[in-house]
Amino acid sequence: MIVASESAVRQYPELRLTRRSARPEGTVVTVRGVEIGGPGIVIVAGPCAVESEPQLLATARAVKASGAHILRGGAFKPRTSPYSFQGLKEEGLRLLAQARAETGLPIVTEVLDARHLELVATYADILQVGSRNMQNFMLLQEVGRSRVPVLLKRGMSATLEEYLNAAEYVMSNGNPNVILCERGIRTFEPSMQNTLDLNAVPMLQRLSHLPVIVDPSHGTGHAWMVPRLACAAVAAGADGVMVEVHVDPANALSDGQHALTPDEFAAMAGQIAAVGRAIGRSMVASARAGDSGAEVA
Ligand code: PEP
Ligand code: MN
């Protein structure tokens, strides 16, 4: 007879700071008044790459109007080909700051290399460490010494143990404000860019106290799949989603294939709110004017 008890979950004693028992109540990262990891669901939205002032501002206004809480946009882009658009670099950061000033949305942008950290940290409310850099231990140590919160994306072939060890690098260097982001892993299936590992959501929340969000854009590689997987992520217990939105996906300089239009984003935001209600979660409160910096609740 099978005894109705919870199956054992492997413990990782070396995860000193990230493990759930280090902070059983959970970590809430607060960025300009937006709480990530609390009871509310957070939506991060924006283009893959900042391309121009009109592109970014139109996208920022649209996602803000439809309920996004945080604006994303890459200024330094990790591209597979060296001949692909690499980002607007500092000009992209300036445009993000302009979009923040206009909309009030906090901004998250990728820091690709430790040499850019000082520059990126002067603009960003959240530093993104991309999938390809999840085990760039020098970069993890540097962002760990920063006071800016870190959105750490899962490496495309990383186990959860490796992933939490990466977060451990950031935390052990002094930065407690780490947000985890499942963004799809490499599997044998070629019809999608990645396989979104929604199993990781409850398991990461079980193993760790850190907030967990999901990126169904890179996790699928197909715009038409994004709203369904965003809803599934919320149903699985994610603290939020991060999605790519472009005013003209067909002409995007990167990742147009999985970018939502503003209208598609608006429809998805309504669906996310409905799924949230079904599981007893509401949308997080938006940024308040005058809020700045980060704090851990
Ligand atoms: C991104 O979010 O812009 C990105 C490059 O994602 P990833 O690092 O997950 O590929
Ligand atoms: Mn992208």
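The values are calculated or read from the model by the stated rules, or taken from the named source; none is laboratory data. None of the values given here were measured: they were computed from a predicted structure. As a convention, Cβ positions derive from the backbone with ideal geometry for all residues, glycine included, and neighbour counts pool all protein chains shown. For the accessible areas, the whole protein counts, side chains as well, though only heavy atoms, and no ligand, DNA or RNA atoms are used. Shrake-Rupley method; radii C 1.70, N 1.55, O 1.52, S 1.80 Å.
Below is a table of values for the structure above.
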read-out: Residue in the stretch 269-285 that is more than 16 Å from residue 225 (Cβ to Cβ), modelled with pLDDT of 95 or more and within 16 Å of ligand 1 (Cβ to nearest atom) present; value: no
read-out: Elements of type strands (runs of 3 or more DSSP E) contained in the stretch 27-91, each with 1 or more residues being more than 16 Å from ligand 2 (Cβ to nearest atom); value: 29-31, 34-36, 42-46
read-out: Complete set of residues in the stretch 210-230 that are under 14 Å from the mean Cα position of the chain (by Cα) and β-branched (Val, Ile, Thr); value: 212, 213, 214
read-out: Pick from the stretch 231-254, criterion within 16 Å of ligand 1 (Cβ to nearest atom) and over 16 Å from the mean Cα position of the chain (by Cα), ranking: nearest to residue 72 (Cα to Cα); value: 246
read-out: Residue that is within 11 Å of the chain's Cα centre (by Cα), under 20 Å from residue 241 (Cα atoms) and free of Cβ contacts under 8 Å to residues at least 40 places away in the same chain, where the choices are 127, 151; value: 127
read-out: One residue from 222, 246 being more than 22 Å from residue 282 (Cα to Cα), within 16 Å of ligand 2 (Cβ to nearest atom) and surrounded by 24 or more Cβ atoms within 10 Å (Cβ to Cβ); value: 246
read-out: Of all residues in the stretch 132-148 being over 20 Å from residue 31 (Cβ atoms) and open to solvent by 10 Å² or more (accessible area, probe 1.4 Å), the one that is farthest from ligand 2 (Cβ to nearest atom); value: 141
read-out: Positions within the stretch 180-194 being within 13 Å of ligand 1 (Cβ to nearest atom) and in contact with a strand residue (DSSP E or B) (Cβ under 8 Å, 6 or more places away or on another chain), in sequence order; value: 180, 181, 182, 183, 184, 185, 186, 194
read-out: Selection within the stretch 204-230 - within 30 Å of residue 172 (Cα to Cα), assigned to a helix (DSSP H, G or I) and more than 14 Å from ligand 1 (Cβ to nearest atom); value: 204, 205, 206, 207
read-out: Given (1) open to solvent by less than 30 Å² (accessible area, probe 1.4 Å); (2) over 24 Å from residue 31 (Cβ atoms), number of the condition residue 151 does not satisfy; value: (2)
read-out: Check on residue 84, within 16 Å of ligand 1 (Cβ to nearest atom), surrounded by fewer than 17 Cβ atoms within 10 Å (Cβ to Cβ) and in contact (Cβ under 8 Å) with a residue 24 or more places away in the chain; value: yes
read-out: Residue in the stretch 181-202 that is farthest from residue 237 (Cα to Cα), counting only those that are touching an Asp or Glu at 6+ places or on another chain (Cβ under 9 Å) and among the aliphatic types (A, V, I, L, M); value: 185
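Residue-wise test of (1) touching a residue at least 24 places away in the same chain (Cβ under 8 Å); (2) open to solvent by 30 Å² or more (accessible area, probe 1.4 Å); (3) in contact with a Cys (Cβ under 7 Å, 6 or more places away or on another chain); (4) of a type in the set (Lys, Arg).
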{"position": "195", "(1), (2), (3), (4)": "yes, yes, no, no"}
{"position": "206", "(1), (2), (3), (4)": "yes, yes, no, yes"}
{"position": "210", "(1), (2), (3), (4)": "yes, no, no, no"}
{"position": "230", "(1), (2), (3), (4)": "yes, no, no, no"}
{"position": "233", "(1), (2), (3), (4)": "yes, no, no, no"}
{"position": "241", "(1), (2), (3), (4)": "yes, no, no, no"}
{"position": "257", "(1), (2), (3), (4)": "yes, yes, no, no"}
